[in-house]
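Asks: I have a structure I would like to understand better, so I am pasting it below and will then ask my questions one at a time.
Read-outs: derived from the displayed coordinates by stated rules, not from any lab. The structure displayed is predicted, hence computed values, not measured ones. Cβ atoms come from the backbone with ideal geometry, glycine included; neighbour counts cover every protein chain shown.
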């Protein structure tokens, strides 16, 4: 098992247990497992950040395998309460990773706030797979580039621009809680940075840059960093900051269109 040398020891142990649980369910059908997200791109917060994992299978999951994995993830969450709701795993077949640009395929996923479920995934996952392709850490199997249809930097940039445009609609479907607002603001900062420099960086790195680049929004961006750290704090009026968050999203979309 190749692990990130900078990762926390307890997370390495957690990932070893998760990998063993996956292998116990899927056996030889599991052909690759890859860590991505803030653990590998930087600024991981042990107290609040999610752990992002892609599991590649030799073929699509069937109903029996889905049920077994669902049971496994429930038990795993019960046994690792500190990380409950913060482990995000996608199960996708080799064929789906080879064809995601041209067609959507069924993906099984568990993510914060959502139970283990099936959904469709296609070109809309380009950003995720690009990060796995470029920066993913192999926990099991060959290089992720073995499975992913190669994604160019230009395709990645286009996906970021298209993704940014969707946030004016998406923000209305998210809870208006401060952590969701923080996530939105920092995601838009990262989109702006990526479109300007062609590079994927952590949300915090992008936020620090955006504070200097757009001083009129520096206070809101700084608040977003604070809200992210204080995600457990319920003694706040979430509604009062939402209008400013929405205004920033609209501003950022306009800037993204000009980059």
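Asks: In segment 124-152, whose amide N lies under 14 Å from the spot 7 Å out along Cα-to-Cβ of residue 83? List them in ranges.
Replies: Residues 139-140 qualify, since their backbone N sits under 14 Å from the label point.
Asks: Right, another one. Comparing 86, 228, 17, which has the greatest mean-square fluctuation in the GNM of the chain with Cα pairs linked when under 10 Å apart?
Replies: 17
Asks: Most fluctuating residue of 169, 120, 199 in a GNM of the chain with Cα springs under 10 Å: which is it?
Replies: Per the Cα network of the chain with a 10 Å cutoff, 169 tops the list.
Asks: Quick one: work out Rg over Rh on the C-alpha atoms of segment 9-150, Rh as Kirkwood radius.
Replies: A ratio of 0.93.
Asks: Sticking with this one: I'd like the orientation of helix 218-229 relative to the chain: the angle between its Cα long axis and the longest Cα principal axis, in ° from 0 to 90, rounded to 10.
Replies: Result, in degrees: 30.
Asks: What do you get for the angle between helix 63-79 and the principal long axis of the chain? Use alpha-carbon atoms, 0 to 90 degrees, nearest ten.
Replies: Computed tilt is about 60 degrees.
Asks: While we're on this one: Using only helices, what value at 222 nm comes out for the chain when you add -39,500 (n - 2.57) per DSSP H run of length 4 or more and divide by the total residues, to the nearest 500 deg cm²/dmol?
Replies: -16500 deg cm²/dmol
Asks: List the relative contact order of segment 9-150 as a percent without decimals, with contacts defined as Cα pairs under 8 Å and 6+ residues apart.
Replies: Across segment 9-150, relative contact order equals 27 percent.
Asks: To continue, here is another question. Which order do the peptides 185-192, 145-152 come out in when sorted by mean C-beta neighbours inside 10 angstrom, highest first?
Replies: 185-192, 145-152
Asks: Contact order normalised by length for the chain, with contacts defined as Cα pairs under 8 Å and 6 or more residues apart; what percent is it?
Replies: 17 percent
Asks: Here's something else I'd like to know. Of all DSSP beta bridges located in the chain, what percent are antiparallel, nearest 5?
Replies: 70 percent
Asks: Please state the equivalent ellipsoid semi-axes for segment 155-258: what are the square roots of 5 times the Cα gyration tensor eigenvalues, largest first, in whole Å?
Replies: 22, 15, 12
Asks: Taking 35 Å as R0, compute the FRET efficiency from the Cβ-Cβ separation of residue 17 and residue 43 and round it to 0.05.
Replies: The value I calculate is 0.90.
Asks: With the chain treated as a Gaussian network of Cα nodes joined by springs under 10 Å, which of 63, 55, 108 yields the largest mean-square fluctuation?
Replies: 63
Asks: Now a separate question. Roughly speaking, what is the centre-to-centre gap between segment 5-45 and segment 90-151 when only Cα atoms are used, to the nearest Å?
Replies: The distance from the Cα centre of segment 5-45 to that of segment 90-151 comes to 15 Å.
Asks: While we're looking at this one, here's another question. To the nearest 10 degrees, how steep is helix 238-258 against the longest Cα principal axis of the chain, on a 0 to 90 scale?
Replies: Around 90 degrees separate the two axes.
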